[in-house]
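Structure first, commentary second.
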Amino acid sequence: EVTLVESGGDLIQPGGSLTLSCAASGFTFSSNHLSWVRQAPGKGLECVSVSYRDGDIYYSDTVQGRFTVSRDNSNNTVYLQMNSLRVEDTAIYYCAKVGRRSGPLSSWGQGTLVTVSS
Amino acid sequence: SALTQPASVSGSPGQSITISCTGTSSVVVDYNYVSWYQMHPGKAPKLVIYDVFKRPSKISSRFSGAKSGNTASLTISGLQPEDEAVYFCSSYTDTSTLLFGGGTKLTVL
C-alpha cells in the first residue's frame with residue numbers, strides 16, 4: 001500500500017524558513033515523480049513543486065527562488081525547503097506521488113499545516 | 001489559463017450529479033490528462049478519475065468522467081452520503097504544469 005506522511009509544518013514568522021519532509025513507502029521511490037501541492041485557507045489547490053525522477057525540477061511562479069525541493073532516494077523521503085516565507089504561503093502542504101509528468105497525482109499524504117504569521 | 005468549476009452542487013441519495021470543469025484556454029481540449037480528486041476534511045485527497053474517464057482500481061463505478069470541447073465533467077451516480085466532499089479537477093497544461101480548478105462542494109441532501 002502506498003503511504004505518504006508529511007511532517008514539519010509549524011507556525012513561523014514572515015521572512016522565516018521551514019523545511020517540510022515527506023516519508024514514502026509502498027512503492028519504488030526512485031522511479032517516481034513526487035510533488036508538493038498546497039491549499040491555502042478557503043482556496044483551491046496549487047502545485048508548487050515537482051521533483052521528477054530524472055532529476056528535473058518544477059517550481060510554480062509563486063515560490064520560484066524561495067522554495068527548494070530535494071529528495072533522498074536512499075531514505076525514500078522528499079523535502080521542501082521554504083525560505084523567505086510570506087503570509088500568503090499559509091496553507092496545508094500535501095505530498096503526492098505523480099504517475100507521470102502529465103499527472104495524475106495518484107496517491108496523497110494527509111498534509112501538514114504551515115502558518116506564516118507575526 | 002484557468003479551470004473553472006461551480007462552487008457547489010447538491011443532490012439527494014440515489015440521484016446523479018455532474019460537476020463541470022471548463023478550461024479558459026486549450027488546456028482541456030488539447031490534453032486527455034484531466035483528473036478529478038475527492039477531498040474530505042482532514043483526510044488525504046483521493047484520485048477518483050484520471051485521463052478524462054479512467055477509474056483507479058479501488059474507485060466505485062458510480063464515478064465516471066467525460067470531456068466535450070474545453071469542458072470536462074465528473075458524474076457521480078447513485079449518490080451516497082459518503083460522497084459529500086469537495087471535488088477538484090486538474091489538467092496538464094501547455095506549459096508542462098498541473099493546473100487545478102477552484103473546487104466544487106458536493107452536498108448530499
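The values are calculated or read from the model by the stated rules, or taken from the named source; none is laboratory data. Note that the coordinates shown come from a computational prediction; the quantities given were computed from them, not determined experimentally. We place every Cβ from the backbone using ideal geometry, glycine too, and count neighbours over all the protein chains shown. For accessibility, only protein heavy atoms count, side chains too; no ligands or nucleic acids. Shrake-Rupley method; radii C 1.70, N 1.55, O 1.52, S 1.80 Å.
The relative contact order of chain A comes to 36 percent, based on Cα pairs under 8 Å that sit 6 or more residues apart. Ligands, DNA and RNA excluded, the heavy atoms of residue A:66 present near 20 Å² of accessible surface to a 1.4 Å solvent probe.
What's the average, rounded to a whole number, of partner chain beta-carbon atoms within 10 Å of each residue's beta-carbon in B:46-54? The partial results should precede the final answer.
Values: counts 4, 9, 1, 1, 6, 4, 0, 0, 1.
If you average over the peptide's residues, the count of other-chain Cβ atoms is 3.
When the inverse distances between all different Cα atoms of the protein assembly as shown are averaged and flipped, the Kirkwood radius reads 17.8 angstrom. Across region A:107-118, rounded Karplus estimates of 3J(HN,Hα) from the backbone phi angles (6.51 cos²θ - 1.76 cosθ + 1.60, θ = phi - 60°) give 9, 10, x, 8, x, 9, 8, 10, 10, 10, 7, 8 Hz, Gly and Pro being marked x.
Taking Cβ separations below 4.7 Å as the criterion for a possible disulfide partner, the isolated cysteines in chain A are A:47.
Put a plus charge on the Cβ of each Lys and Arg, a minus charge on the Cβ of each Asp and Glu, and nothing anywhere else: the dipole of region A:58-113 about its Cα centre is then about 220 debye.
Once all protein chains are placed together, residue B:63 keeps about 10 Å² accessible to a 1.4 angstrom probe. Ligands, DNA and RNA aside, residue B:98 has an accessible area near 20 Å² when probed at 1.4 Å. Compactness of chain A is given as radius of gyration and Dmax, 13.3, 40 Å, from Cα positions.
Rounded to the nearest 5, what % of DSSP beta bridges with both residues in chain B are antiparallel? Before the final figure, lay out the partial values.
Numbers: 30 of 35 bridges.
Counting only bridges with both partners in chain B, antiparallel ones make up about 85 percent.
When the charge dipole of the protein assembly as shown is built from unit charges on Cβ atoms (+1 for Lys and Arg, -1 for Asp and Glu) and taken about the Cα centre, the candidate among A:67, A:103, A:84 whose Cα reaches farthest toward its positive end is A:103. Sorting B:68-79, B:6-17 by average packing, meaning the other beta carbons within 10 Å per residue, from highest down gives B:68-79, B:6-17. Summing charges over neighbours of residue A:42, with a neighbour being any other residue whose Cβ is under 14 Å away from its Cβ, gives +1 when K and R count +1 and D and E count -1.
Of all trypsin sites (Lys or Arg not before Pro) in region B:51-109, which ones are in loop regions per DSSP and have a Cβ with at most 14 other Cβ atoms within 10 Å? Can you show the working numbers first?
Values: sites: B:54, B:58, B:62, B:67, B:105; in loops: B:58, B:62.
Passing both the DSSP loop test and the Cβ count: B:58.
Per residue of A:43-53, other chain Cβ atoms within 10 Å of the residue Cβ number 3 on average. Sequence-ordered 3J(HN,Hα) estimates for region B:56-70 from the Karplus curve with 6.51, -1.76 and 1.60 and θ = phi - 60° stand at x, 4, 8, 8, 4, 5, 5, 9, 9, x, 8, 8, 9, x, 9 Hz, glycine and proline given as x. Computed over protein heavy atoms with a 1.4 angstrom probe, the accessible surface ordering of B:40, A:33, largest first, is B:40, A:33.
Summary value for chain B: 37 percent relative contact order, contacts being C-alpha pairs under 8 angstrom separated by 6+ residues. Relative contact order of region B:66-109, taken over Cα pairs closer than 8 Å and 6 or more residues apart, is 35 percent. For the protein assembly as shown, a crude dipole built from +1 on the beta carbon of Lys and Arg and -1 on the beta carbon of Asp and Glu, taken about the Cα centre, is about 360 debye to the nearest 20.
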